[in-house]
Amino acid sequence: MEQDDTKLQFDPHGNLRHLLSLRGLDAKLLTELLDDAERYLTTPGALPARNQSLAGRTIGNLFFEPSTRTRASFDLAGRRLGADVLNLDVNTSSRKKGESILDTIYTLEAMHVDVMVVRDAGDGVPAYIARNVKDHVSVLNAGESDVSHPTQGLLDLLTIRQHNPDFKNLVVAIVGDIQHSRVARSASEALQTMGVGELRLVSPPALAPDPERFPGARIVDNIVDGLRDADVVMALRIQRERIGNLDGVPGIDEYFAKYGIHHENIKHAKADVIIMHPGPMNRGIEIEGTLADGPRSVITKQVTNGVAVRMAVLNRIGKMMGAR
Ligand code: NCD
């Protein structure tokens, strides 16, 4: 996303209209969204929170890349706010027949779809759609290439805040294929805005990021240095679908020993460390299965928070639409 596109996210009154990136969202807005999300969380076993704030609105889920959690949680979030939700099956959609993405969008617009939730492997696709939709339509980025995944960044921020809201004193280590990770990008943008104490990006040199994409972060290639006294550890999958050439990337056993999160190296983190993973998880590669299921893991909490965060974003967009 281009720098100027951060402005594209707001309507002329300064209200959030499209969510394309966490860049350009200040600490106040991030905090409000997290506070709103908290209000949608109910105790396990209780009925999920529900209201009718999006009644009459239609949300279209357009996922041109695979997804389990993000798509299901946008679907549930929309339904729990009373919206109609259209899950476009991209494998049978006309885009497969060569229809341009804009023709798909115009078709949905003509059916009164008000919110387009878009996941695409192309850099800049959500912003391109946002620049081309009619005034009544909002676009939410549900994963853009290796660039941005804003609702994932919000749910990660919420999960970290629930553990410890004192961002300025937190050490956060993100471990894995940082170079190709939109999750790492959005989490790091949100954490920097909140003034995180220290952000470490730990990866083998072949998967290390361009430092310019992660201002203020420390790039580390030794996992023990990366995990030392960390309050939060986030493991990431190797994004094979975005890597043309795996030269220099260690094989599975070496990768797990050197860059996987396991019982031996997690001892270097704080005793109350939380272990995160956005999913999908490759047990025995980037994370040891028993750690993912263990008491320090907040991985399922992230999933629960994902629905709440998407409800908060949709509710805010719905209010903006109602105020027009
Ligand atoms: C991530 C994604 O799609 O970027 N998953 C998710 O949204 N929960 C991470 C990944 O695919 O590895």
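The values are calculated or read from the model by the stated rules, or taken from the named source; none is laboratory data. If you're wondering where the values come from, they're calculated on a predicted model, not measured in any experiment. Note that each Cβ is placed from the backbone with ideal geometry, even for glycine, and that neighbours are counted across all protein chains shown. Accessible surface areas use protein heavy atoms only, side chains included; no ligands, DNA or RNA. Shrake-Rupley method; radii C 1.70, N 1.55, O 1.52, S 1.80 Å.
Return the loop-located trypsin sites (Lys or Arg not before Pro) in segment 258-294 (DSSP other than H, G, I, E, B) with at most 14 other Cβ atoms within 10 Å of their own Cβ; answer none if there are none. Please report the intermediate quantities before stating the final value.
Working: sites: LYS258, LYS267, LYS270, ARG283; in loops: LYS267, LYS270.
Those that pass, being in a loop and sparsely packed, are LYS267.
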How big is the antiparallel share of DSSP beta bridges in segment 129-255, given as a percent to the nearest 5? 10
Tilt, helix 69-80 to longest principal axis of the chain (alpha-carbon atoms), in degrees rounded to tens, equals 40
DSSP loop trypsin sites (Lys or Arg not before Pro) in segment 102-165 with at most 10 other Cβ atoms within 10 Å of their Cβ, which ones? LYS134
Once the Cα atoms of helix 27-39 and of the chain are each reduced to a long axis, what angle between those two axes, in degrees from 0 to 90 to the nearest 10, is obtained? 80
List, in the order given, every pair from LYS7/LYS168; LYS7/LYS97; LYS168/LYS267; LYS168/LYS301; LYS97/LYS319 whose Cα-Cα distance in the structure shown is over 31 Å. LYS7/LYS97; LYS97/LYS319
With a 1.4 Å probe and every protein chain left in place, work out the accessible area per residue of segment 150-299 in Å², rounded to a whole number. 39
Computed FRET efficiency, Cβ-Cβ of GLU264 and THR300, R0 25 Å: what is it to the nearest 0.05? 0.55
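At a 1.4 Å probe, what is the % contribution of carbon and sulfur to the accessible area of the chain?
On the way: 6920 of 13760 Å².
Percent of accessible area from carbon and sulfur atoms in the chain: 50.
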Can you give the % of DSSP beta bridges in the chain that are antiparallel, to the nearest 5? 5
Tell me the per residue accessible area of segment 42-129 using a 1.4 Å probe; a whole number in Å² is fine. 49
Give the angle, between 0 and 90 degrees and rounded to the nearest 10, that separates the Cα long axis of helix 182-193 from the longest principal axis of the Cα atoms of the chain. 90
